[in-house]
1. To the nearest 20 Debye, how big is the dipole of the chain about its Cα centre, given +1 on the beta carbon of each Lys and Arg and -1 on that of each Asp and Glu?
2. So for Ile224, Ile15, fewest C-beta neighbours within 10 Å to most, what's the order?
3. Under 5 Å between amide hydrogens, which residues at least 5 positions from Ala40 or on another chain qualify, with H placed 1.01 Å from N in the peptide plane?
4. Taking 7 Å along the Cα-to-C-beta vector as the label spot, tell me the Ala58-Phe163 distance in nanometres, rounded to one decimal.
5. Any idea what Rg and Dmax come out to for the range 4-67 if you just take the C-alpha atoms, in Å?
6. Which of Val49, Val20, Val234 moves most in a GNM of the chain, Cα contacts under 10 Å?
7. Could you work out how much longer the chain between Glu74 and Ser182 gets when fully extended? Use 0.36 nm per residue separation minus the Cα distance between them, nm to one decimal.
8. Just to verify a number: FRET efficiency for Thr274 and Phe29, C-beta to C-beta distance, R0 = 41 Å, to 0.05?
Amino acid sequence: MEGERREFVIPPEGIDRLDVWLTSQNDGFSRARVQGLMKAGMVTVNGAVATRSTVRTAPGDVVAMEIPPPVPAEPEPEDIPLNVIFEDEDLIAIDKPAGLVVHPAPGHLTGTLVNALLHHCPSLGGIGGVARPGIVHRLDQDTSGVIVAAKSQRAMDALVRAFSSHTAISKTYLAITHGVPSPLEGRVENLIGRCPFDRKKMAVVERNGKPAITLYKTLDKKIISNAAQPIALVECTILTGRTHQIRVHMASSIGCPIVGDAVYGRPGWDKRLTPTPSRQLLHARRLSLAHPVTRQPLVLEAPLPADFQPYLPVTYSPPT
């Protein structure tokens, strides 16, 4: 049955490989599916996430496996308003509001950007796969700003190559942070992978992670009475596209977590701000790329949303 948690105990004789053993314990599961659940952080050994099949185990260890509920194979079109920045026969760019999930997933099977795109672009279905048609990159649910989708297979193929290689693409974000980065600008480069202790989080790791590079520049700072720290407006340009990359780098590598980030931030500090932020203040401000078909340069921008305004330094004005 899908959507459940299963627990197993390593037998007295021990096991060789965790993926092989778990496959034998779950009727109807292929080894590939078990490996996929492990990579997604759905398997733990004594509470620690186990993403590798060669993880060491001992007799009596408790192995838990969470099986997410099924996602409908084909999302349905839904009449959800979209703020379109650019559109032609091959490409569409959206200013995504905070709170909008990009594609259906357990817990968010409807009301996503994909559902909205299928209504807006009836011919989109099937481009790049029926589950996530047109989607070539993502923004977190509570991150706002520019996101693009392919409307043709030729655009999809070109965009997948560009985003995978990170060539001819520039992604710039604006963040409000607790504390002012020191130095004021710099480069963060390390590995990001699944957190060993919490499968829902990402973390800077020493191994079994993927390279992650963020360039940051502090644009201004603001002193707020009763706040635990000054807050800063920071521009981040990412040269890689790892899950939660900017949020992890700002919190762990720079020591200035993003205001309103309930996962990597400081909720106690958030509560001292007026108004209390309702989401992480991270915004995809600008996406520069070559058009996937015409190869003409495109600079796609989304203005800062209204919920940023109370925290902006008074001297800040958006670039023209």
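Every read-out reported here was derived from the displayed coordinates using simple, explicitly stated rules and does not represent laboratory data. None of the values given here were measured: they were computed from a predicted structure. Using ideal geometry, Cβ is built from the backbone for each residue, glycine included, and neighbour counts are taken over all protein chains shown.
1. With Lys and Arg at +1 and Asp and Glu at -1, about 940 debye.
2. Lowest count first: Ile224, Ile15.
3. none
4. Taking the two extended label points, one gets 4.4 nm.
5. Looking at the range 4-67, its Cα Rg and Dmax stand at 10.3, 28 Å.
6. Maximum fluctuation in the GNM of the chain, among the listed residues, is at Val20.
7. Going from the current span to full extension adds 34.2 nm.
8. E between Thr274 and Phe29, to the nearest 0.05, is 0.20.
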